[in-house]
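Contents: one structure, followed by commentary.
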Amino acid sequence: MFCTGSCGFSRVLPYFCTHIHAFPLVTVNGRHACAKQTFNITCRKAFNLKSNYIMWMIIFLILPLAGLTYVLWHVWCILPFANTVKCTVLAVCILLFSATFLNFSHVTERIPLRLAQACYEVGTSTVFVLLYLVMMFLLLDVARLAHIIPRSWLYSNGYAALAVAVVTAVIFAGGYANYMHKRRHTADMPAAKTVTRDIKVVMMSDLHLGYHNRRTELARWVDIINGEQPDLVLIAGDIVDGSLRPIEEEGMAEEMRRIKAPVYACPGNHEYYAGIDASMRFYREAGITLLRDSVAVAGDITIVGRDDRANPHRKSIGALMRGVDKSKYIILLDHQPYHLEQAEHAGVDFQLSGHTHHGQLWPISWITDAIYEDAYGPWRRGKTRYYVSSGMGIWGGKFRIGTCSEYVVGTIHAENKTAGHVAAE
């Protein structure tokens, strides 16, 4: 039996046969065919791939363009200027928004670094500003329809236009200041295991080094880490944002080597976006021990690092835990916090994850809260403790609205010394 154009997915079938499940793939009369017993599974996988592609197209293309159209219409209506001035304002808005697509098209890889950095920050920041302008104009439209405000507020009204501009500027100035302030959270990690001495661990995730988080910012983070004088540093993935170019050209590996403690990390999905081989080379140059479905022992601590979900062939937590000495305190690094029960069932003492950013901006944080069992902060299942970090860095525009950027300082000690808690400073 063949998976042909009749099921609609013949073009994606070779991918699933050769990369996802390693099914035997043959070609008959120019058509791709799988073993009969795997046909139905493969077609379902192909359907899911197409469904996911459509979903992300809607989220990252159709919705932003619809939002841009809605906002530009309101901007045209509310500005009390001549049409030539309005056209100029709208043209500038479209130009700023279009910088977003330069980042996804990799044009930034071929232009001067400073210009690429500007395109990245302007383009991604515009997306976030657009989100808040959509919410503000929706609120004003609802208020108008409910006769709370007069219609004249939204048409050729300089005061209303100024108010919208000022409120937007204040929100994002505050969001930028909030992002730049890195919160220090502390976590006690009681262990019913043999630990010969207290072990201080600095934990973080989602540095997203790249066009926006540059070497000067990384240097500040390294100083923060060294100021804690940790015994270990653990990073739960996404050290890299999406391109190795700014990392290499600014020599960020040299900056990472200033950390005065052993650094262990697992990969995240952005390491795959940037190219997993290039990312692994950066890890080596930076002196970071990358645990990619592998285990490391650091004194009384066993660190298990799981590959990211971007690798469909990654090992299960159960497989990684086979042969692990469970008399030692076990920390699992797993970038994306799905299926937390697996760590509990495998006997993990502590799991560090990231990925969610806690939504970065409100109300996206509500969405992540709905998706994940633990979208942010400490959690517990049975004897296993978890911490899902919102990230030291951020993707895109450097704004935190209703969320925070953080690092976590944990102390591993015997269970009878203190009860576990998490506190914010």
Exactly one condition in (1) crowded, with 19+ Cβ neighbours inside 10 Å; (2) assigned to a loop (DSSP other than H, G, I, E, B) is not met by Ile331; state its number. (2)
Across the range 283-311, the tally of residues that are in a loop (DSSP other than H, G, I, E, B) and small (Gly, Ala, Ser) stands at 4
Looking only at the range 73-119, which residues are surrounded by fewer than 14 Cβ atoms within 10 Å (Cβ to Cβ), among the small types (Gly, Ala, Ser) and modelled with pLDDT of 90 or more? Ala82, Ala91
For Thr126, all conditions in the list (1) modelled with pLDDT under 95; (2) farther than 22 Å from His358 by Cα; (3) of a type in the set (Val, Ile, Thr) hold save one; what is the number of the exception? (2)
Filtered residues of the range 362-412 (kept if part of a strand (DSSP E or B), open to solvent by 10 Å² or more (accessible area, probe 1.4 Å) and in contact with a Leu (Cβ under 8 Å, 6 or more places away or on another chain)): Trp379, Arg381, Ile401
Is the range 176-199 home to any residue that is at pLDDT 95 or above, open to solvent by 20 Å² or more (accessible area, probe 1.4 Å) and among the aromatic types (Phe, Trp, Tyr)? yes
Can you find even one residue in the range 315-330 that is touching a residue at least 40 places away in the same chain (Cβ under 8 Å) and closer than 27 Å to His208 by Cα? no
Members of the range 200-218 that are out of contact with any strand residue (DSSP E or B) (no Cβ under 9 Å at 6 or more places or on another chain) and open to solvent by 60 Å² or more (accessible area, probe 1.4 Å): Arg214, Thr216
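The values are calculated or read from the model by the stated rules, or taken from the named source; none is laboratory data. All values reported here derive from a predicted model rather than from experimental measurement. Glycine also receives a Cβ, built like all others from the backbone with ideal geometry; neighbour counts cover every protein chain displayed. Note: areas computed on protein heavy atoms with side chains; ligands, DNA, RNA excluded. Shrake-Rupley method; radii C 1.70, N 1.55, O 1.52, S 1.80 Å.
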